[in-house]
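Bear in mind that the values in this text are calculations on the coordinates, not laboratory data. Predicted model only: the values in this text are computed from it and were never measured. Positions of Cβ are backbone-derived with ideal geometry, glycine not excepted, and every protein chain shown enters the neighbour counts.
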Amino acid sequence: MTQNKTILVTGGAGFIGSHTVVALAEAGFRPVIIDDFSNSEQRVLAGLHQILGYEVPCYPKNCNDAATLRTIFQKENIQGVIHFAAFKAVGESMTEPLRYYHNNLGSLITLLEIQLEMGVPDLIFSSSCTVYGEPDTLPVDELAPVKPAISVYGNTKQIGEEILRDTVAAGKPLKIISLRYFNPIGAHPTGCIGELPLGVPGNLVPYITQTAAGLREQLTVFGDDYPTPDGTCIRDYIHVMDLAEAHVAALQALQNRAGQQHYDVFNVGTGQGVSVLDLVRSFEAILGQPLNYRIGPRRPGDVTAVYADATKIKQELGWTARRGLREALEDAWRWEQQLASK
Ligand code: UFG
């Protein structure tokens, strides 16, 4: 029974985590957050309160801390975990590798140890399409080879998946799904929660909305000489609420699954490849005026094109993206505007 089962959401005050808290609550789960607010803000909790009408319990702690986790598992009667808490800045990961390995892998290992100790088998892990590198065939499915990671951040996701697979293969009583996200964008349609990038946004959509809001002068499109129809990179942009709902589908699948052990991996994308210029044009249509942008040099480490074959998750978990690019961009823009109005 889903009803009121308590799910620990690590990194639940972050971008994907906070939207997943909403999706969990809507599905009848009771979410509990642990978040150290190293890359999130307290006001996310107020946004969640506004949407849900009650306060979601939140422990302001780092989850690489066994004693804290143990206390939360006992006090809250945790029955499943969705693990988002991790550092995610690709560039920073190259200059601070130990900080990234320590935080991202340390927290995962600590969490697994506590889950085993407490007898809580179910875990959903945040992985990334970055594990595919530059795929040999598109759309990319889960059988595609994992390519050597370009960044330390990407490597923490690959190693994270290996840790999970090896631990289940060793016979430990754990049921785990890794979700390989494509590019999450958008915000909750109420405009109460959304992405809160620290400083200058590294990702495309927040940079676009900040440019439209006048916080940034001009968007730089990183390269128009890629071997794609318009020369710009192609990605699979997925609405963050669709992505959030994929976590609920994965968790429900684990909870309904008989047996003591399981490990599986799913892509979470729309299956649609969209170029940077396609995305800029779609945003301009919403804005009703041109966006100030220029074409600049390529960004080191960017792959040319990656988009999902999302057949497996549809067939096995019954999940499919329901929201389109326009809706995602409208929601991102609504969020940016209400931030500006504060
Ligand atoms: N882009 C621009 N200008 C910008 C920002 C981005 O042109 O100011 C372009 C990028 O070059 C890329 C596309 O927009 O072609 C998307 O870039 P994002 O930074 O938004 O997303 P990425 O595809 O780079 O990010 C993904 C995942 C990350 C992962 C990363 C590295 O979302 O989790 O790939 O492999 F770390």
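Structural remarks
- Each peptide in 250-260, 28-38 was scored by the mean count of other Cβ atoms within 10 Å over its residues; highest first, the order is 28-38, 250-260.
- Using a simple spin-label model with pseudo-atoms 7 Å out from Cα toward Cβ, D166 and D302 lie 3.5 nm apart.
- Rounded to the nearest 20 debye, the dipole size of segment 70-227 about its Cα centre is 480 debye, using +1 on the Cβ of Lys and Arg and -1 on the Cβ of Asp and Glu.
- Extension gain for the segment T71 to V200, taken as residue separation times 0.36 nm less the Cα-Cα distance, is 42.8 nm to one decimal.
- Distance (nanometres) between label positions extended 7 Å along Cα→Cβ at L215 and D230: 2.4 nm
- Shape class of segment 191-254 from the Cα gyration tensor (axes a ≥ b ≥ c, square roots of the eigenvalues): oblate, since a/c reaches 1.5 or more and a/b does not exceed b/c.
- Residues in segment 193-211 reached by a label modelled at N292 [backbone nitrogen below 20 Å; 7 Å Cα→Cβ]: 199-211
- Among S282, S126, the order by Cβ neighbours within 10 angstrom, fewest to most, reads S282, S126.
- Taking amide H as placed 1.01 Å from N in the peptide plane, C58 has its amide H under 5 Å from the amide H of I33, each at least 5 places away in sequence or on another chain.
- Placing a pseudo-label 7 Å from each Cα along the Cα-to-Cβ vector at E316 and L143 gives an inter-label distance of 1.3 nm.
- Rounded to the nearest 20 debye, the dipole magnitude of segment 144-230 is 500 debye, with +1 charges on Lys and Arg beta carbons, -1 on Asp and Glu beta carbons, and the Cα centre as origin.
- Rounded to the nearest 20, the Cβ-based charge dipole of the chain about its Cα centre (Lys and Arg +1, Asp and Glu -1) stands at 480 debye.
- Look at where the Cα atoms of segment 198-244 and of segment 247-310 average out, and the two centres are 12 Å apart.
- Gain upon complete extension [N256, A340; 0.36 nm per residue less C-alpha separation]: 25.9 nm
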